[in-house]
1. May I ask you to order 318-327, 147-156 by the average number of other C-beta atoms within 10 Å around their residues, highest value first?
2. I want the local charge near residue 132. Using Cβ-Cβ distances under 12 Å, sum +1 for each Lys or Arg and -1 for each Asp or Glu among the other residues.
3. Tell me the trypsin sites (Lys or Arg not before Pro) within region 7-84 that lie in a loop according to DSSP and have at most 14 other beta-carbon atoms within 10 Å.
4. For residue 381, what is the net charge nearby, where nearby means another residue's Cβ is under 15 Å from its Cβ and Lys, Arg count +1, Asp, Glu -1?
5. How much net charge surrounds residue 168 when only other residues with a Cβ under 11 Å from its Cβ are counted (Lys, Arg +1; Asp, Glu -1)?
Amino acid sequence: MGINSSKRLAAKCSFLSKDEQVIVSNSFKFASKNSEKIKEDELTKLWGSQMDARLSQYINNYLFGKGEARLITVDLERFAELFVYCTRGTVDEKLKVLLISLGKETETNGDIPYTLVKEYVESIVSSYMRIQRICNTIQFKSWKSRGCFVSPQNVQRLAESLTYELARGDLITRRSLEHLYSISHRDKATQQAGDKSTTQLPADEGLTANAEKDRSLIPIVFINAHLPQQYQLEWRFLFSSEIHGESFSTLIGRIVNQGPSVLIVEDQNGYTFGGFAPANWNLGPNFFGDDSSFLFTLVPKMRILPSTGYNQHFQYLNLHQQTMPNGLAMGGQHGYCGIWIDQEYGVGHTSESCTTYSGYAQMSHTKNFRYRHLEVWGLGQPPPTPQERGERVGMSVLDGNVEGKALLKMAGRQMHSEGMRDGMRDGMRDGNPSNN
């Protein structure tokens with residue numbers, strides 16, 4: 001390798017960490033068999049089992065070129081350049097990689113077929129899941145051991161969800177791609193400044209092997225990517241309608257006081273949707289939550305519906321009330337909710353519109369639906385128990401069954417023991433052990 005070439009390589013690799021430089025160098029040495037040049041078939045053989053065949057071809061297009069000008073070999077400088085551009089590159093450099101990979105001229109100002117970009121993104125999503133399997137990460141093992149899998153149909157749905165906003169009909173403009181890369185460039189810089197760990201696939205806790213429902217990992221990746229970063233590391237299995245029984249009261253008992261959660265519903269027509277509930281579920285007559293809440297659809301299309309800020313109607317949960325609706329809601333208002341799960345088991349509705357969430361449209365196949373499956377996942381560690389908070393617990397039988405007392409109060413039933421306790425306290429203040 002010449003002096004000028006070595007200087008150019010050093011300049012490119014200066015943007016990489018020492019660990020990344022070692023990875024690039026070792027990968028090249030392994031594929032080239034310690035040679036200074038690498039052939040296309042050698043690289044294809046190295047990466048053939050590690051990535052989608054389409055992505056391998058896109059990478060070769062960038063490294064070796066196309067047509068009569070296609071190179072027979074490439075050196076380490078060219079190999080390292082691809083890694084640098086993809087991970088540390090400017091907007092123009094990243095766009096250059098995309099255009100050349102797709103067989104387009106870098107100077108072109110013309111539109112790019114939407115299907116071509118979508119297929120490119122599909123190959124990346126597919127390769128990401130394949131790498132998860134090969135690396136056998138703790139997160140991947142936790143799901144795979146429960147029989148979860150990667151569905152090609154959901155790979156296509158996720159790719160469509162990542163690209164549809166770029167398209168104008170059947171085409172994507174260069175300006176749209178430049179805007180996309182400028183956003184991702186800023187997000188990358190912000191994430192590096194924050195220096196916080198993140199993962200697209202959370203660890204699973206509580207899901208049993210051979211569970212009742214076929215489960216694809218792609219929807220989990222899709223939802224998890226949009227959660228606040230502190231909730232991306234672990235999902236706790238709280239409730240499944242097919243495992244825990246067809247009971248709304250059982251649902252309440254398993255999700256109350258479990259911290260932030262994700263609700264997923266599948267109606268009888270296969271439409272699948274849900275929401276992220278950032279606040280602790282608790283029974284009461286009012287809406288609660290905050291604007292980090294969002295709704296989502298998974299089937300027939302994957303979409304995220306963020307909060308609008310128009311109102312604060314994010315979460316609602318009530319039971320055994322004569323003057324208030326009894327059920328679980330996310331968004332909208334009573335009778336016109338973004339998602340409504342009625343206390344009558346298996347029944348719900350999604351409205352035609354919902355001002356709480358942006359881009360909202362009816363999520364179920366029909367407004368009023370019956371669901372075939374409902375599940376809830378807790379996120380992160382559960383809130384501390386009263387004992388863990390250092391509160392006095394179990395000192396009296398009158399302190400027990402707090403949730404049951406709350407239900408009785410909402411049902412209008414008097415808690416006679418509370419009056420007895422008050423009388424006992426009054427008697428003790430008067431110097432008497434009782435009211436007599």
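Laboratory data are not the source of any read-out in this text; all were calculated from the coordinates shown. Quick caveat, the model's predicted, so the values are computed rather than measured. All Cβ positions, even for glycine, are placed from backbone atoms using ideal geometry, and neighbour counts span all protein chains on display.
1. Working: 318-327: 14.7, 147-156: 16.5.
Descending packing order for the listed peptides: 147-156, 318-327.
2. My count for the surroundings of residue 132 gives +4.
3. On the way: sites: 7, 8, 12, 18, 29, 33, 37, 39, 45, 54, 66, 70, 78; in loops: 33, 66, 70.
Passing both the DSSP loop test and the Cβ count: 33, 66, 70.
4. On the way: positive: 236, 389; negative: 204, 205, 234, 388.
Neighbour charge sum, excluding residue 381 itself: -2.
5. Values: positive: 175; negative: 111, 165, 170.
Local net charge: -2.
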